[in-house]
Amino acid sequence: FFFAMSLVDSPPAKRAKPNTSLRDHAYDAHHNLQQMVQGDLPSWTVFETEHSVAMLAPVPSVVGHAVLLPKQPWATLLSSNMSPQDFGQHMEDLPALVQAVEQAVDAQGISVHHCSGC
């Protein structure tokens, strides 16, 4: 999962309802974003901490579109291997990304979106 920050004008496209719950999603080490976290694909890193990697989105929807990715192998917020403490440590990095984006693009506002199982 990841947190994406951008200004979005339209709602996401409707998708067919999956046959599985978010608890059933498996971590995909070959997903493009995870390959970027591992350094196997090029990326534009904003910063990196013990728990997270913040980078510019590979396909930005707006100027300043950035993502905060966990270093742990979590597929969704409901991943059985993620404790509340793990989640809290990852989320501690979000304010730094918000500030970096705001300063870099002189944003008048920022939207923070969560994607789980995307």
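The values are calculated or read from the model by the stated rules, or taken from the named source; none is laboratory data. This structure is a prediction, so every number in the text was calculated from the model and none was measured. Virtual Cβ from ideal backbone geometry, glycine too; neighbours counted across all protein chains shown. Only protein heavy atoms, including side chains, enter the accessible area calculation; ligands, DNA and RNA are left aside. Shrake-Rupley method; radii C 1.70, N 1.55, O 1.52, S 1.80 Å.
Screening Thr76 against (1) in contact with a Phe, Trp or Tyr (Cβ under 7 Å, 6 or more places away or on another chain); (2) modelled with pLDDT of 85 or more; (3) among the polar types (S, T, N, Q) leaves a single unmet condition, (2). Could you look through region 61-118, keep only residues that are in a loop (DSSP other than H, G, I, E, B) and β-branched (Val, Ile, Thr), and pick out the one that is least open to solvent (accessible area, probe 1.4 Å)? Only one residue fits best here, namely Thr76.
From the set of residues in region 39-60 that are part of a loop (DSSP other than H, G, I, E, B) and of a type in the set (Asp, Glu), which is modelled with the highest pLDDT?
At the first step, the residues of region 39-60 found to be part of a loop (DSSP other than H, G, I, E, B) are 39-44, 49-51, 57-60.
Filter once more, keeping what is of a type in the set (Asp, Glu): 40, 50.
On the way: Asp40: 78, Glu50: 93.
Checked region 39-60; the qualifying residue modelled with the highest pLDDT is Glu50.
Across region 46-81, the number of residues qualifying as in contact with a strand residue (DSSP E or B) (Cβ under 8 Å, 6 or more places away or on another chain) and of a type in the set (Asp, Glu) comes to 1. Say we look at region 38-52 and pick out the residues that are in contact with a Pro (Cβ under 8 Å, 6 or more places away or on another chain) and under 19 Å from Met82 (Cβ atoms); which of these is least open to solvent (accessible area, probe 1.4 Å)? Filtering region 38-52 for residues that are in contact with a Pro (Cβ under 8 Å, 6 or more places away or on another chain) and under 19 Å from Met82 (Cβ atoms), the one least open to solvent (accessible area, probe 1.4 Å) comes out as Ser52. One residue alone among Gln99, Gln34, Gln89 is among the polar types (S, T, N, Q), modelled with pLDDT of 90 or more and touching a strand residue (DSSP E or B) at 6+ places or on another chain (Cβ under 9 Å), and that residue is Gln89.
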